[in-house]
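The values are calculated or read from the model by the stated rules, or taken from the named source; none is laboratory data. Since this is a predicted model, take the numbers as computed values, not measurements. Every residue, glycine as well, gets a Cβ built from its backbone with ideal geometry; the counts of neighbours run over all protein chains shown.
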Amino acid sequence: MKIILLGTGDATGTPKIGCRCKTCMNAREEGWQRTRFSILVQNRGKNILIDTSPDMRYQLLSAGVGKVDAVIWTHGHYDHFAGFGDFYRVQKGVKVYSVSEVLHYINGFLYFMSYKPVEKEAYKPFQLFGLNITLFDVNHPPLERSLGLSIQNEHTKVVITGDTNTAIPEKSLEIMKNADLMIVDAIAPEGFNLKKHMNAGEAYRLAKSLNARKVVFSHLSHFYPPHYEAAAVYPVGKDMQEFIFDEDNRD
Ligand SMILES: [Zn+2]
Ligand SMILES: [Zn+2]
Ligand SMILES: [Zn+2]
């Protein structure tokens, strides 16, 4: 299994349009950026997208992805689904997995596109290209449903929190335990008091309390210092960062 962080940014991305803060200026000067949130999961030669970022076309071209085999949507926020339109003209009938509320909501925007919604229930594992996937509820007000995922094969467990604050249901916390890699929503550095997301301290404490072997922060805003400064303090992810897992070579 291989995981690629296609986009590690929040809804605005970094640099943010029109922003002249230190981080956004540094991003422009040094030529780095955080595109909007998507993760690519590769297994048995298949490509699964977790969310379809508004930066999708650029991300798929950057990762050299020629065909998308499945999509899983975590929730109905623009920065997590809008890029689906970037490949519906390239591929017909892509299967998209989520819970019924999320599929129904997003279909209100994407109703004219050709794709195949596949309803799944939280806490009921399903198989996709040799991976055991479990969706679970997290907490991202005011949305009623926002999902995290556990993705497992016989050797490896990867957990993605999705967009969430710390008030995650107990039933979900059970599923999130003992991940080899945990990709955590940590939208802002410590000290920010957030209702919809976790700050860096909350995200790190959550991952450690769940015994994650490796932690990486994603969904990052321009409130962090420039990437290389932030990376000295926090386990911040980087666009196109890869994690490769197999029997003999675990990251
Ligand atoms: Zn988001
Ligand atoms: Zn900025
Ligand atoms: Zn969101």
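Computed values, structure above
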| quantity | calculated |
| --- | --- |
| Which numbered condition T14 misses (of (1) over 23 Å from D137 (Cα atoms); (2) more than 16 Å from ligand 1 (Cβ to nearest atom); (3) touching a Lys or Arg at 6+ places or on another chain (Cβ under 8 Å); (4) at pLDDT 95 or above) | (2) |
| When residues of the range 115-161 are limited to those that are small (G, A, S) and within 16 Å of ligand 3 (Cβ to nearest atom), the one nearest to R213 (Cα to Cα) | G148 |
| Complete set of residues in the range 143-194 that are assigned to a strand (DSSP E or B), within 16 Å of ligand 1 (Cβ to nearest atom) and either in contact with a Phe, Trp or Tyr (Cβ under 7 Å, 6 or more places away or on another chain) or in contact (Cβ under 8 Å) with a residue 60 or more places away in the chain (or both) | L147, G148, L149, I160, I183, V184, A188 |
| Positions within the range 1-46 being without any contact (Cβ under 8 Å) to a residue 60 or more places away in the chain, of a type outside the set (D, E, K, R), surrounded by 22 or more Cβ atoms within 10 Å (Cβ to Cβ) and part of a strand (DSSP E or B), in sequence order | S38 |
| Test result for V68, assigned to a helix (DSSP H, G or I), among the β-branched types (V, I, T) and under 17 Å from the mean Cα position of the chain (by Cα) | no |
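For every residue, the table says whether it meets (1) over 24 Å from R36 (Cβ atoms); (2) in contact with an Asp or Glu (Cβ under 6 Å, 6 or more places away or on another chain).
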site	(1), (2)
N153	yes, no
D163	no, yes
A179	no, no
I183	no, no
E202	no, no
S218	no, no
